[in-house]
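Only one structure is covered here, and it is reproduced in the block below.
The values are calculated or read from the model by the stated rules, or taken from the named source; none is laboratory data. Note that the structure is predicted; figures quoted are calculated from it, not measured. Here the Cβ positions follow ideal geometry from the backbone for every residue, glycine too, while neighbour counts run over all protein chains shown. Surface areas here come from the heavy atoms of the whole protein model, side chains and all, with no ligands, DNA or RNA. Shrake-Rupley method; radii C 1.70, N 1.55, O 1.52, S 1.80 Å.
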Amino acid sequence: MSTTALRLRRCLALAALAAAALTGCSTTDTASETTADGLTKVKLQLQWFKQGQFAGYLAAVDQGFYREQGLSVEILDGGTDIVPQTVLAQGQADYAVAWVPKALASREAGAGITEIAQVFQRSGTKQVSFKADNITGPAALRGKTVGNWGYGNEFELFAGMTKAGIDPAEDVKLVQQQFDMNAFLAKDIAAAQAMSYNEYAQLLETKNPATGKLYTADDFNAIDWNAEGVAMLQDALWANTEKLKDAKYQEQTVKFLVASLKGWAFCRDNLDKCRDITVAAGATLGAGHQQWQINEVNKLIWPSPAGIGTVDKAAWDRTVTIAKETKNAEGATVLTKDPGADAYTTEYVTRALDQLRAAGIDVTGTGFQPAQVTPTEGGK
């Protein structure tokens, strides 16, 4: 795709996002429906299709953790044409999973949403290249063909290049990357965007045509934005700001967080079981891929020294600063101002953590050690 076409596509995507957010400012009726057995119906909007990235929520359904809290939770698939924070703001879901910078951009455009828990404590985004290309840091991207997905997934990449003195609009050739690694493997892209728990695993599940064996980590370099100091907060749970004024919704939010966070603690301690739960829920990639994915997601969550879901103010402030200061290829920043005081709250996650601690649930994962997962061809 040409640079001009890429810029046009991004502009259209951003315009659509803003329009969707603005039309979602008003909420629907806040009254909750109940099931025949008296459970409160709740909808959770994911930002992608069901996979290991969301295993904690799937486990909370499967293990009855939501039911214990009096909730019947329906988990809604996401996709390229679904903006979870807009679905939430429009009242079509009760809660949503969304990356913080994307959600804050929607808030600035008018979406009434508030973060209630920061599940991922670290960023899972990498920029991957073949070892032979010697791209070991952002500065080495100069003059290279650089892939990214767009749709708000490029902020860390642009921040990393900017910090390294690279103008994303002039010093690299930007390529609109599909949500796979095909163009990278075909050598059409020198450095490709990949999540540690998904696309990077897909590389390791692919045969190297030169050897007939699976690729290994030794075949690649990977820029980690955590190490570069430009990591931004990713998967967070969001609630409807206006509905948070309602006492019943507040109590429901605490119950929802208790069960959701218990689900993540379960997946930390039961990797194989959560793999099976995720596959049974309809994940499109196989059991091997889901096991890798959940293991890598656990690394992004645990340990959580202050308790899973707690918002780290330093990480929040860094995310906001990058969103305000980093320009994209069109010269625009993600945010033009600081988000309001109700952009996030720790009230409900603090109450949920108190309940979980009282029940004997380990909410910090201090002794967490990831498993050693061996990639399998095709993620089977």
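Filtering segment 259-297 to residues that are under 22 Å from K43 (Cβ atoms) and touching a Lys or Arg at 6+ places or on another chain (Cβ under 6 Å) leaves A281, G282, A283.
Could you tell me whether K324 is among the basic types (K, R) and surrounded by fewer than 12 Cβ atoms within 10 Å (Cβ to Cβ)?
For K324, the condition - among the basic types (K, R) and surrounded by fewer than 12 Cβ atoms within 10 Å (Cβ to Cβ) - is not met.
Counting only residues that are in a loop (DSSP other than H, G, I, E, B) and within 15 Å of the chain's Cα centre (by Cα), which one in segment 30-71 is nearest to G288 (Cα to Cα)? In this case the residue turns out to be Q51. Checking each residue in segment 292-338 for being closer than 30 Å to E205 by Cα and in a helix (DSSP H, G or I) picks out W292, Q293, I294, N295, E296, V297, N298, K299, L300, I301.
Pairs are defined by a Cβ separation below 7 Å, a sequence spacing of at least 6 or placement on different chains, a first member in segment 263-292 that is open to solvent by 20 Å² or more (accessible area, probe 1.4 Å), and a second member that is β-branched (V, I, T); the pairs so defined are L271/I294; R275/I294; A287/V279; Q291/V373; W292/V373. Could you go through segment 72-80 and let me know if any residue there is surrounded by fewer than 19 Cβ atoms within 10 Å (Cβ to Cβ), within 22 Å of the chain's Cα centre (by Cα), under 25 Å from Q178 (Cβ atoms) and at pLDDT below 95. For segment 72-80, residues surrounded by fewer than 19 Cβ atoms within 10 Å (Cβ to Cβ), within 22 Å of the chain's Cα centre (by Cα), under 25 Å from Q178 (Cβ atoms) and at pLDDT below 95: present.
Test T336 against the criterion of being surrounded by fewer than 17 Cβ atoms within 10 Å (Cβ to Cβ), within 30 Å of V230 (Cβ to Cβ) and free of Cβ contacts under 8 Å to residues at least 24 places away in the same chain, and give yes or no. Criteria not met by T336. Here A20 meets each of (1) at pLDDT 90 or above; (2) surrounded by 14 or more Cβ atoms within 10 Å (Cβ to Cβ) with one exception, condition (1).
For segment 220-250, enumerate the residues that are open to solvent by 20 Å² or more (accessible area, probe 1.4 Å) and in a strand (DSSP E or B). Within segment 220-250, N221, A222, D224 qualify.
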